[in-house]
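Here the structure comes first, spelled out in structure tokens, and everything after it is commentary.
The values are calculated or read from the model by the stated rules, or taken from the named source; none is laboratory data. All values derive from a computational prediction rather than experimental measurement. Positions of Cβ are generated from backbone atoms using ideal geometry, with glycine treated the same way; all protein chains shown enter the neighbour counts.
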Amino acid sequence: MSKTIFEEKQRFNQPLVWIGLFIALSVVIYTSFFVDNERTTESQLFTLGLFLLIITLFLFIQLKTRIDDRGIHFQFFPFHFSMKTYTWDEIYSAEAIKYSPIGDYGGWGYRISFRGKGKAYSTRGDKGIKIILKDGKTRMIGTQKMEEANSCILQYIQKKS
């Protein structure tokens with residue numbers, strides 16, 4: 001059994017995200033039902049259903065991160081149904097850093113950088129665990145506990161050396 005020394009769970013729970021979704025939903029409902037009289041009931045219900053599906057998705061999104069003696073594990077539910085693991089043997093380097101989610105990856109969520117920075121998984125903030133794998137791939141896993149993650153990573157990096 002691996003000894004876990006770092007765990008974190010994050011959600012999309014920033015008020016601005018929910019305010020933005022509520023405003024978008026309000027605009028769509030208003031225009032679908034009160035402005036565009038030529039739309040059919042089926043298309044109105046489809047639009048409403050689609051927005052409710054998106055809101056439900058935001059309710060269930062959760063980023064779990066764990067660091068233990070096996071490696072760095074994460075799960076970005078509902079996109080990953082189980083933990084993804086990068087073992088210490090696969091990791092070339094890892095550190096918790098400040099980064100620019102919008103500038104580096106185009107925002108939060110599951111992102112692929114078109115600037116050669118790899119993939120990112122984040123729900124909020126500007127801190128993350130940057131992992132460079134021995135095969136050259138880079139991953140950024142968002143964290144709100146940068147200092148705690150860094151001290152944990154350093155313990156394992158020093159053991160590995």
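Numbers for the structure displayed
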| item | result |
| --- | --- |
| Tabulated pairs, the range 134-161, first within 24 Å of residue 112 (Cα to Cα), second part of a loop (DSSP other than H, G, I, E, B) and among the aromatic types (Phe, Trp, Tyr), C-beta under 7 angstrom, 6+ apart or interchain | 140/99 |
| Residue within the range 141-150 that is in contact with a Lys or Arg (Cβ under 9 Å, 6 or more places away or on another chain), hydrophobic (A, V, I, L, M, F, W, C) and in a helix (DSSP H, G or I) present | yes |
| Given (1) in a strand (DSSP E or B); (2) outside the structural domain of residue 127 (by TED's automatic domain parsing), index of the condition residue 24 fails | (1) |
| Per-region count, the range 45-71, residues within 15 Å of the chain's Cα centre (by Cα) and either not polar (S, T, N, Q) or not in a strand (DSSP E or B) (or both) | 8 |
| Which numbered condition residue 31 fails, given (1) closer than 16 Å to residue 141 by Cα; (2) among the polar types (S, T, N, Q); (3) out of contact with any His (no Cβ under 6 Å at 6 or more places or on another chain); (4) surrounded by 11 or more Cβ atoms within 10 Å (Cβ to Cβ) | (1) |
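Rundown of residues vs (1) among the hydrophobic types (A, V, I, L, M, F, W, C); (2) in contact with a Ser or Thr (Cβ under 7 Å, 6 or more places away or on another chain); (3) without any contact (Cβ under 8 Å) to a residue 12 or more places away in the chain; (4) farther than 23 Å from residue 15 by Cβ, yes/no style:
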site: 46; (1), (2), (3), (4): yes, no, yes, yes
site: 55; (1), (2), (3), (4): yes, no, no, no
site: 58; (1), (2), (3), (4): yes, no, no, no
site: 74; (1), (2), (3), (4): yes, yes, no, yes
site: 87; (1), (2), (3), (4): no, no, no, yes
site: 101; (1), (2), (3), (4): no, yes, no, no
site: 111; (1), (2), (3), (4): no, no, yes, no
site: 127; (1), (2), (3), (4): no, yes, no, no
